[in-house]
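Please read the structure below before turning to the comments.
What follows draws every value from the coordinates through simple rules; no lab data is involved. Remember, predicted model here, so these are calculated numbers, not experimental data. All Cβ positions, glycine included, derive from the backbone under ideal geometry; neighbour counts span all protein chains shown.
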Ligand SMILES: Cc1ncc(C[n+]2csc(CCOP(=O)(O)OP(=O)(O)O)c2C)c(N)n1
Ligand code: SF4
Ligand code: SF4
């Protein structure tokens, strides 16, 4: 998506997503280099910068192969003296952790901001992870905006902080900051600034972390950390106290926690009664500010999203300085530790600590007395993966093997649900091939089948595949080449050859990569052709059984949403399918075992197709034993081509 | 502190997020404050979607359960699912078409059963033929805007959003703006004829 509002006229007020406000803030500061790997809830930052770059001719923006490379590239850029931004979701920081720790030792020349988009509540993630710990662990300051309202200011402040201390800074956002739309006032963008290039001045004592240099840098780092803490105590933009200075109660509200605390205190008419300390730059702990504000209070309440990070650090500080107060927070069990905050949770905490009787946000929930079916996300109608899962399952049956489906992270994770249930493990990106490697040698009764997407293959699949060849792991690797990173909103990747700036890049071949790594059995199949898939999967499984080596099949077929979008651009549309009532025997195979969401059963058990949902992929026509499905018109060859070749723009 | 909390719900792909964007821009045009919390990512693949729209003097992004003042929903199942976010007696504008979740062998409640269960809890539920009417107006994807029109007619939004601002927001933020403006007006008219308030 373009997010055009990122280039709103200076001085205008516009509705913007928090992530777009981050992009705008970065542009206003003068960011000249931005790298990222997509991941919810971080993706729109780079999408918006990519749009800006296409229009303004800068900054340099790239989708990197993975987060480690994205961060390394940004560190490299920052060492040439320009401001750089690396954006990723929280788990992406795990992938990038190695360069992250080193970056604190080296520092930067220009500025370096690393966006970590955390996902409390796991709206679209495999874990809940509070990356402020990374800041503490790696000695990197953390800026945490007080809601989308502060997104633009916070990223500008993060860059300034980085520039001032020549040190990387983590900007920690969360789903409810990144994916919340608010009114933002646009400032000036200096185009010359965002287009500028840096120059690298050699300084091996700083930039080569051999032990002799690193030992010195470590001393400096620890010293710098204390100075930054003092600086954050003075930073009135990000950290400040408001309300009654003499109150017996201090509410420490970190990041988005400030919005919750403030709304509740306002509703209860307490804004002028208690002391409210807003911390939007909580790491390193701004010790002097905190001690100043904490001294003499009877009660101290912590409101933060994620783990009780600041509460824990503060309690240690209070111990050292003999501050004794009643503490209320997640660590003391007064606020729930999992999921995301909501007003009623925070109100409960404040009500307990302040002995409030009335509540404004904690109404009884009214639940209608009716059983509702769940509505989990599903593979789209016409998704190539449905055909692949179907063909693979049949091949496995025919080969008479017992499979282990080592799944991975992408739309195909949805194969975990009925009717397929063909994801036995899902760990992290690249984990499919990695786990299959172990299972291939640790047991003999089942055959590991790693199922990995094209974007994930380039992100973290290559080392695992090298390992499988090297250690002769008998396993089948299925690479789902749907021409995009679909789950996160259809970004390109190295296998596509389109870059974030819209200029042409080089399209890498998965087949060549696999062969280059030494896989001897490599084949490409048409993902939409079920008979071909079944045959090729069967033969590949036979090879694995016999040769005890890895085999790899690339199932190529575009994400149907990409094909539809590409078709709309050139005026090519799919032909929907219909069910011939005379041929349909009500066997139910199509809506029970294949389960395209466009196919429903009528009261008599016969199938019918919702033409608004059908994308004309033709998969149902291949699985129906009675030939009951047919297109309502002749299918244009152009559409069949797009189904195989469409790519993101 | 004056505020209006609107819950938008439906199924991924039905236009809930663009509806929220139109409302937010209309509030901006009307000179107000607004916060919209969206569901992205996984829930878009045909999953259930809720968007929180908070207008007025508010700080936090999410409507706590039992605090919503109004719901616009493009699916009756989702209306029932997210009714926990509403205050007792709130109005629920819901389209009359149920999109059955594509899961093998599940039982789907009927529209009547859903409406009855919501009425029992004291909600003021208004079933709107939004999709059908939008189709008639030549804009099958305009059901979201039809619902907005119908709810606007009841006056609940007037204090925060003026009508010209909605028209303007549609014009600036939606594809086929003229058709959507037509749908908005039809939604209002539908409510004017059906509802006496
Ligand atoms: C380390 C890490 N980075 C990013 C993500 C976010 N993410 C989830 S699914 C996905 C897409 C993977 O793309 P692909 O393998 O091509 O599968 P598709 O969604 O196209 O089916 C990404 C990037 C993640 N979960 N973990
Ligand atoms: S977005 Fe594309 S890859 Fe993902 S489920 Fe839909 S069709 Fe399949
Ligand atoms: S109904 Fe058939 S042609 Fe239409 S999307 Fe589903 S499988 Fe494809």
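Structure summary
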read-out: Mean separation of Cα contacts under 8 Å (6+ apart) over length of chain A, as relative contact order %; value: 11 percent
read-out: For A:40, A:174, order by how many other beta-carbon atoms lie within 10 Å, fewest first; value: A:40, A:174
read-out: Relative contact order, percent, region B:87-197 [alpha-carbon distance under 8 Å, six or more residues apart]; value: 27 percent
read-out: Calculated FRET value between residue A:545 and residue A:122, using beta carbons and R₀ = 41 Å, to 0.05; value: 0.60
read-out: C-alpha long axis of helix A:309-320 to longest principal axis of chain A, angle in °; value: 30 degrees
read-out: Between helix A:151-165 and chain A: long-axis angle, C-alpha atoms, 0 to 90°, nearest 10; value: 70 degrees
read-out: Shape of region A:518-566, Cα gyration tensor, a/c cut at 1.5; value: prolate
read-out: Neighbour-count order for A:137, A:345, fewest beta carbons within 10 angstrom listed first; value: A:137, A:345
read-out: Linear extension gain, residue A:222 paired with residue A:581, 0.36 nm per residue minus alpha-carbon span; value: 121.7 nm
read-out: Helical contribution to [θ] at 222 nm, DSSP H n ≥ 4, -39,500 (n - 2.57), averaged over chain B, rounded to 500; value: -12000 deg cm²/dmol
read-out: Shape category assigned to chain B from the gyration tensor of Cα positions, a/c cut at 1.5; value: rounded
read-out: Ranked A:626, A:457, A:361, criterion: other C-beta atoms within 10 Å, fewest first; value: A:626, A:361, A:457
read-out: Label-point gap, in nm, between residue A:355 and residue A:444 - each point 7 angstrom along Cα→Cβ; value: 7.3 nm
read-out: Inter-label distance for residue A:12 and residue B:189, nm, one decimal - labels placed 7 Å from Cα along Cα-to-Cβ; value: 3.2 nm
read-out: Residue B:171-residue A:337 pseudo-label distance in nm [points 7 Å out on the Cα-to-Cβ vector]; value: 5.6 nm
read-out: Cβ-derived FRET efficiency at R0 41 Å, residue A:400 paired with residue A:608, nearest 0.05; value: 0.70
read-out: Computed FRET value (nearest 0.05) for residue A:55 with residue A:160, which takes r as the C-beta separation and R₀ as 30 Å; value: 0.75
read-out: Cα gyration tensor, region A:496-597 - rounded (a/c under 1.5), prolate or oblate; value: oblate
read-out: Alpha-carbon centroid distance for the pair region A:211-229 / region A:608-649, whole angstrom; value: 62 Å
read-out: Whole-Å distance, taken between Cα centres, linking region B:115-149 and region A:396-454; value: 43 Å
read-out: Helical contribution to [θ] at 222 nm, DSSP H n ≥ 4, -39,500 (n - 2.57), averaged over chain A, rounded to 500; value: -11000 deg cm²/dmol
read-out: Degrees between helix A:43-56 axis and first principal axis of chain A (Cα, 0 to 90, nearest 10); value: 90 degrees
read-out: Average Cα contact separation per residue, chain B, under 8 Å, 6 or more apart, as relative contact order %; value: 22 percent
